[in-house]
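The values are calculated or read from the model by the stated rules, or taken from the named source; none is laboratory data. In this text, all values refer to a predicted model and were calculated from it rather than measured experimentally. All Cβ positions, glycine included, derive from the backbone under ideal geometry; neighbour counts span all protein chains shown.
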Amino acid sequence: MKKGIIVLLVVIVLSLTLTACSSAAKEASSDADAQSAVTEAVAVTAEATEPAAASVNSEFPMLPDASNVTDAQGTLMYQTATSMTDTFNFYKKELAAKGLTENEILTLNDATVSQLVFTGSDNGKSLIVQMTKLSDSAIAVSIRYE
């Protein structure tokens, strides 16, 4: 009789264990399905969204293809698909045309990082333009007074 009770208890414990494991597997499967649905929804939304146009009014010149434009406490930041060389030349020409003088000692013109510093602004501060190559098709531009 003792053996029968022990066998019965072992069978009950094994049954409960199998039931618990199968419900945990179902929960993991439904969690994976939910995550997959969220990922697909985000991908569809991202495909449908057009790049943000330049929507910030700024005294600083911007390239026509500026995207992800942000003005953070007086610092204009955006991305452009224009090449590093063309972006550098654009700011050198545009700011000189506004009567600013390039501080050539602080000029840096590299394939991945460039900087221009101009003096002669009405507020007496230096105007800093920094460009960083993010990829072959994206340059980050930052412009501010210091």
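Filtering the stretch 111-135 to residues that are in contact (Cβ under 8 Å) with a residue 24 or more places away in the chain, surrounded by fewer than 17 Cβ atoms within 10 Å (Cβ to Cβ) and farther than 15 Å from residue 146 by Cα leaves 111, 112, 134.
Remark: residue 98 matches the filter, which requires a residue to be basic (Lys, Arg) and surrounded by fewer than 17 Cβ atoms within 10 Å (Cβ to Cβ).
Could you tell me which numbered condition residue 112 fails, if it satisfies all but one of (1) closer than 17 Å to residue 66 by Cα; (2) modelled with pLDDT under 95? Condition (1) is where residue 112 drops out. Residues in the stretch 98-113 that are over 32 Å from the mean Cα position of the chain (by Cα) and among the small types (Gly, Ala, Ser): 99 only.
Got at least one residue in the stretch 90-108 being under 17 Å from residue 66 (Cα atoms), of a type in the set (Phe, Trp, Tyr) and modelled with pLDDT of 95 or more? Yes, the conditions are met somewhere in the stretch 90-108. Here the condition is being in a strand (DSSP E or B) and basic (Lys, Arg); of 125, 133, it holds for 133 alone.
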